[in-house]
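Written out below as structure tokens is the structure these notes cover.
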Amino acid sequence: MKIGIIGGTGVYDPGILHDIRTERVDTAYGEVELKFGHYKGEEIAFLARHGWTHSVPPHRVNYRANISALKDIGVERVIATSAVGSLNPSMKPGDFVILDQFLDFTKCRESTFFDGQDGRVVHVDFTQPYCPTVRESLIRAGRELGLAPHEKGCYVATEGPRFETPAEIHMYRMLGGDVVGMTGVPEVVLAREAGLCYGTVAIVTNFAAGISKAPLTHAEVVEAMKESSKRLRDYIMRAIDIMPRKRDCSCGNATGAVEGS
Ligand code: HPA
């Protein structure tokens with residue numbers, strides 16, 4: 001089993017891996033630069049969602065190329081990190097949240113591999129958007145490290161790159177959202193379509209607009225991620241230690257179940 005890590009804002013450093021090499025992977029959707037390294041004898045692939053210098057804004061990330069590249073090199077399980085704002089008073093800056101649902105408010109992204117061009121109409125089930133095994137590993141790892149992760153959380157995906165208005169945040173909260181970010185969708189969608197196991201550990205960097213009275217800045221998000229980076233790195237590696245090597249979930253054939261017009 002190959003494991004992939006998708007590092008979001010503030011996570012560009014595959015620091016714990018040994019013998020790191022960089023490789024470009026050519027996909028049907030464009031080229032992707034990945035880093036490969038070894039952890040306890042296993043090869044891990046690492047991808048910086050926003051590029052290695054954080055130069056790609058959320059709405060311009062080539063999500064299809066990123067997921068295709070991981071799939072093409074044989075990755076089966078993905079742990080993604082995501083900096084988020086919180087709408088839920090119990091989820092505070094510095095907290096970790098293991099996502100279990102999402103609400104999609106993105107507007108203009110390539111968000112499927114099944115765009116009908118090959119004459120197939122595919123509708124994938126999203127009752128469980130995130131892999132239960134990856135989630136369980138993240139929950140256990142967080143507990144073991146004493147990080148008390150929130151074991152569920154509904155992620156609101158916005159188009160960005162602007163932050164939200166307080167009125168939007170109020171609406172998202174009424175709809176059941178817990179945290180808000182700009183990159184979780186379509187990444188989770190594409191991963192599931194591609195048959196990958198995918199889970200996200202979200203790191204709360206701030207209270208969302210209107211809950212926090214001060215204006216939000218990207219610098220504040222990056223600074224908060226820096227503060228969490230050591231804990232996050234330990235967290236991911238512990239989750240990899242725990243992850244069962246044999247796949248026991250149905251993520252690998254998520255598309256098989258429902259296909260038709
Ligand atoms: N809104 C959207 N995305 C974010 C936020 C936020 O408040 N914090 C970190 N990413």
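The values are calculated or read from the model by the stated rules, or taken from the named source; none is laboratory data. All of these numbers come straight from a predicted model, not from anything done at the bench. We place every Cβ from the backbone using ideal geometry, glycine too, and count neighbours over all the protein chains shown. Just the protein is used for accessible areas: all its heavy atoms, side chains included, with ligands, DNA and RNA removed. Shrake-Rupley method; radii C 1.70, N 1.55, O 1.52, S 1.80 Å.
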_So, R0 is 35 Å and r is the distance between the beta-carbons of residue 219 and residue 144; what FRET efficiency does that work out to, to 0.05?_
0.60
*With all protein chains present, calculate the accessible area of residue 235 using a 1.4 Å probe and round the result to the nearest 10 Å².*
0 Å²
*Treat every Asp and Glu Cβ in the chain as -1 and every Lys and Arg Cβ as +1, leave all other atoms uncharged, and give the resulting dipole magnitude about the Cα centre to the nearest 20 debye.*
460 debye
*At a 1.4 Å probe radius, carbon and sulfur cover how many percent of the accessible area of the range 58-166?*
49 percent
_Pairs of alpha carbons in the range 3-259 whose separation is greater than 27 Å (percent)_ = 32 percent
*Quick one: among 205, 112, 81, which has the greatest mean-square fluctuation in a GNM of the chain with alpha-carbon springs under 10 angstrom?*
112
*Taking 0.36 nm per intervening residue step and subtracting the Cα-Cα distance, what contour gain separates residue 250 from residue 114 on full extension?*
47.0 nm
*Once amide H atoms are placed 1.01 Å from N in the peptide plane, what residues at a sequence separation of 5 or more from residue 102, or on another chain, have their amide H within under 5 Å of its amide H?*
155
*asked:* Order 137, 212 by their accessible area, 1.4 angstrom probe, all chains in place, largest first.
replied: 212, 137
*At 24 Å minimum axial length over the Cα atoms and a Kyte-Doolittle cut of -0.5, report the qualifying DSSP H helices in the chain, or say none.*
218-242
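Magnitude of the Cβ-charge dipole of the range 1-141, K/R +1 and D/E -1, about the Cα centre, nearest 20 debye? Can you show the working numbers first?
On the way: 16 positive and 18 negative charges, 57 e Å.
The dipole of the range 1-141 has a size of about 280 debye.
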_Of 101, 211, 5, farthest towards positive along the dipole that unit charges on Lys, Arg, Asp, Glu beta carbons give the chain_ = 211
*Which listed residue (87, 146, 17) has the Cα farthest towards the positive end of the charge dipole for the chain, taking +1 on Lys and Arg C-beta and -1 on Asp and Glu C-beta about the Cα centre?*
146
_150, 38, reordered so the largest accessible area comes first (probe 1.4 Å)_ = 38, 150
*Where a Cα-Cα gap under 23 Å defines reach, which lysines qualify for residue 35, not counting those fewer than 8 residues away within the same chain?*
2, 71, 226, 230
